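The values are calculated or read from the model by the stated rules, or taken from the named source; none is laboratory data. It should be emphasised that the depicted structure is a prediction, and the values quoted were computed from it without experimental measurement. Cβ atoms come from the backbone with ideal geometry, glycine included; neighbour counts cover every protein chain shown. Just so you know, the surface numbers come from the protein's heavy atoms only, side chains and all, with ligands and any DNA or RNA stripped out. Shrake-Rupley method; radii C 1.70, N 1.55, O 1.52, S 1.80 Å.
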Number of protein chains: 2
Amino acid sequence: MPDRPKVHLAVDAVVFGYQPEIGISVLLIKRKFPPYQGGWALPGGFVNVDESLEEAVTRELEEETGIKIAYLEQLYTFGEPNRDPRQRVVSVAYFVLVRQDIYTLHAQTDAEDAKWFDINDLPNLAFDHKLIIETAIQRVRNKIIYEPIGFELLNESFTFAELQKLYETLLQRNIDRGNFQKKIKSLNILEELKEMRKPSGSGRPARLYKFIEEKYFGLKDRGDMFEVWVGKER
Amino acid sequence: MPDRPKVHLAVDAVVFGYQPEIGISVLLIKRKFPPYQGGWALPGGFVNVDESLEEAVTRELEEETGIKIAYLEQLYTFGEPNRDPRQRVVSVAYFVLVRQDIYTLHAQTDAEDAKWFDINDLPNLAFDHKLIIETAIQRVRNKIIYEPIGFELLNESFTFAELQKLYETLLQRNIDRGNFQKKIKSLNILEELKEMRKPSGSGRPARLYKFIEEKYFGLKDRGDMFEVWVGKER
């Protein structure tokens with residue numbers, strides 16, 4: 001196919017982290033080389049000819065930030081002809097949710113530095129990376145409406161108040177406590193633990209819960225989310 | 001960036017059509033050239049260096065099938081190193097929902113023929129196009145759980161029974177009539193028309209409805225789908 005045009009192919013990763021006191025953050029790297037040298041950008045880079053897109057993004061994340069992730073999800077492919085000032089570069093973007101506190105960042109290769117930024121307080125960004133982050137935020141907000149994602153952002157055991165706070169942070173709105181508990185419980189994907197969390201101040205201890213992944217994936221397969229939405233067939 | 005590897009970039013389109021008597025179909029083309037010459041495949045082709053991904057897929061669809069579409073949605077990017085037997089080709093796939101009966105197909109350029117196939121009765125397919133179609137079906141099934149898509153597949157005015165039949169076809173399951181009506185009505189995106197549809201046999205005439213796009217997009221923006229799922233905040 002010598003007459004067919006070729007393009008450079010890149011992958012970029014939007015890594016979201018969560019800390020209850022701060023909110024949602026995104027992981028950025030400081031660029032070592034032009035274009036946008038010294039500017040902040042998403043971790044990512046070019047795909048080698050013999051690796052899959054997932055392999056490329058996993059490798060780049062580890063090289064540039066030290067983060068090793070087991071699960072990521074394809075977000076969107078950005079292919080406007082002029083999105084890179086050099087030549088045509090098409091980027092396949094991925095997103096991932098992690099517990100921010102368990103990672104130690106260390107930048108290598110193309111990155112001079114790696115740092116978490118509050119999504120409400122982002123620096124100027126290279127290329128179309130602002131658009132990519134906005135697309136990822138929108139995707140996560142849409143997704144938690146119909147899928148109980150976000151458990152990756154919490155500790156293994158959590159209270160209902162912590163789960164509700166995470167959803168309120170992601171959706172940027174208040175949620176009715178009673179309805180939320182009822183709906184989440186009706187999905188039957190949480191295990192009630194024997195332990196309680198002691199309050200830091202006064203107040204009653206709160207029940208701890210654990211997310212049961214197998215039940216959740218069973219739910220997805222059987223299309224039961226639809227039943228939650230539209231009601232059980234009789 | 002002379003040292004960076006380049007790849008061929010393609011776009012493919014999964015066009016779904018609906019006819020109540022038949023179900024959901026997908027539009028395929030018969031390949032004129034190798035590889036897979038004479039085999040069935042998704043309409044699509046290579047991206048020109050100066051056009052966006054959406055421009056490329058719109059152009060290819062028109063060239064290969066005669067179909068002109070106004071709206072399409074990016075599905076997923078398929079980039080396994082060996083998905084094309086020639087060289088590395090990464091394909092950005094799109095999907096679109098259309099009313100099947102309003103289009104006249106006419107194949108040109110790379111396509112020898114263009115034809116609708118029942119999604120439950122597909123021929124052997126070139127490349128990884130079976131995987132692409134399966135991904136698109138899964139996406140549509142997931143999407144209608146939380147978003148009232150599918151109105152593009154119906155006539156402008158329709159009965160509740162017709163809407164329910166479409167949802168049942170897409171989801172491959174029976175839906176409880178009462179719950180479905182209640183939920184859809186609570187979204188407040190349908191206009192009740194004065195006209196009734198006369199039954200073809202005996203029975204009572206049925207109320208006709210129209211989908212109001214503006215109300216639907218307002219709903220999406222305000223995140224009200226979440227309220228439907230999790231209940232209104234007080």
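Some points to look at:
- Here residue B:189 meets the list (1) within 14 Å of chain A (Cβ to nearest Cβ); (2) under 21 Å from the mean Cα position of the chain (by Cα) almost entirely, failing just condition (1).
- Residue list for the stretch B:89-110, restricted to those being of a type outside the set (S, T, N, Q) and open to solvent by 20 Å² or more (accessible area, probe 1.4 Å): B:97, B:99, B:101, B:102, B:103, B:105, B:106, B:107, B:110
- Options A:206, A:126: the member that is within 30 Å of residue A:90 (Cβ to Cβ), surrounded by 15 or more Cβ atoms within 10 Å (Cβ to Cβ) and not β-branched (Val, Ile, Thr): A:126
- Test for residue A:166: is it within 14 Å of chain B (Cβ to nearest Cβ), within 23 Å of residue A:102 (Cα to Cα) and in contact with a strand residue (DSSP E or B) (Cβ under 7 Å, 6 or more places away or on another chain): yes
- Flag if residue A:47 is under 20 Å from residue A:118 (Cα atoms) and β-branched (Val, Ile, Thr): no
- Residues of the stretch A:169-180 satisfying the condition of being within 10 Å of another protein chain (Cβ to nearest Cβ) and surrounded by 17 or more Cβ atoms within 10 Å (Cβ to Cβ): A:175, A:180
- Among the conditions (1) buried (at least 17 other Cβ atoms within 10 Å of the Cβ); (2) closer than 23 Å to residue A:96 by Cβ; (3) at pLDDT 75 or above, residue A:219 misses just one, which is (3).
- Selection over the stretch B:84-104 of residues that are closer than 30 Å to residue B:23 by Cα, in contact (Cβ under 8 Å) with a residue 12 or more places away in the chain and more than 9 Å from chain A (Cβ to nearest Cβ) gives a count of 12.
- Any hit, the stretch A:158-175, residues being in a strand (DSSP E or B) and either farther than 19 Å from residue A:72 by Cβ or without any contact (Cβ under 8 Å) to a residue 12 or more places away in the chain (or both): yes
- If you filter the stretch B:43-65 down to residues that are open to solvent by 20 Å² or more (accessible area, probe 1.4 Å) and out of contact with any helix residue (DSSP H, G or I) (no Cβ under 8 Å at 6 or more places or on another chain), you find that the one that is farthest from the other protein chains (Cβ to nearest Cβ) is B:62.
- Enumeration of residues in the stretch A:66-82 that are closer than 29 Å to residue A:143 by Cα, surrounded by fewer than 18 Cβ atoms within 10 Å (Cβ to Cβ) and more than 9 Å from every other protein chain (Cβ to nearest Cβ): A:66, A:68, A:70, A:71, A:73
- Counting only residues that are away from every other protein chain (no Cβ under 14 Å) and open to solvent by less than 50 Å² (accessible area, probe 1.4 Å), the stretch B:19-42 holds 14 of them.
- When the stretch A:129-142 is limited to residues that are buried (at least 17 other Cβ atoms within 10 Å of the Cβ) and over 20 Å from residue A:39 (Cβ atoms), the one that is farthest from the chain's Cα centre (by Cα) turns out to be A:142.
- Within the stretch B:1-18, the set of residues being within 12 Å of chain A (Cβ to nearest Cβ) and open to solvent by less than 50 Å² (accessible area, probe 1.4 Å) comprises B:1, B:5, B:7, B:8, B:9, B:10, B:11.
- Screening residue B:154 against (1) more than 14 Å from chain A (Cβ to nearest Cβ); (2) loosely packed, with under 13 Cβ neighbours inside 10 Å leaves a single unmet condition, (2).
- The conditions of being outside the structural domain of residue A:85 (by TED's automatic domain parsing) and either touching a helix residue (DSSP H, G or I) at 6+ places or on another chain (Cβ under 8 Å) or not charged (D, E, K, R) (or both) are met by residue A:175.
- Residue check, residue B:113 at pLDDT 90 or above, surrounded by 15 or more Cβ atoms within 10 Å (Cβ to Cβ) and under 18 Å from residue B:30 (Cα atoms): no
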